[in-house]
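Rule-based calculations on the coordinates, nothing more; no lab input. If you're wondering where the values come from, they're calculated on a predicted model, not measured in any experiment. Note that each Cβ is placed from the backbone with ideal geometry, even for glycine, and that neighbours are counted across all protein chains shown.
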Amino acid sequence: MDAQAILETARSNNVPDSWNVWPLRVERVRRSALGWAACALVGLILLVPIMMATIPYDFTHGIGLSVFATLLLALVGVVAFGSLGISAYDVWRMMHANEYLLVVTPDDYLRVGPGNKQTHVPIDDIAHVTMRGVKVNAPYDAMREADFSNMSPWKRLSRVAGNFYSPREPKRAPVLAFMDTRTNTEVVVATDSSFDEIATLEQVISYLVDAKKRSKVR
């Protein structure tokens, strides 16, 4: 089925029971936007006194103090302005919420975004479904994504700072992707839970890919 026909069916009142249709979860995106905005505010509040305490003294009393002050300011600045940028992007997504749609049928994968941007891949051409940076419980049917967006601003700041200084391997950003065998390129399905929990999306896509392979063997 072509992408336009899939989209029209998904937005109609006659969606087949075997189809999975996910609109953008506006409430989840709104919580994320508010959480990141709060984190940005905390970062900015911390940035001002740190700047006052380090500038110009730390930059005129030796290389050691200069390096320390630069790293500290960079860390807090990244937290503040990075969080602000993510929050602004979430607001933009909410403004275009009705243009987002993720559809997975027994035969097709289709993701639609603003500007009628479409990613359409037949299930036959999906391989190597991978999920990274997402913790899941065992057994698999108890899966829940670690929801960073619901953390308090102070916990977010602590988590970011902890990852920055931790000697362990840094935590990878959550992502669900697969390989389009027609072009041998990676297709990113989701990097957050704005459609559904990443683990749930992975389970659905993997199941349909496996079902399609089994049907060919018979």
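Below are the figures for this structure:
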read-out: Sorted peptide list for 189-202, 98-111, criterion being average Cβ within 10 angstrom, highest first; value: 189-202, 98-111
read-out: DSSP-assigned coil residues among chymotrypsin sites (Phe, Trp or Tyr not before Pro) in the range 1-81, each with at most 15 further Cβ atoms within 10 Å; value: Trp19
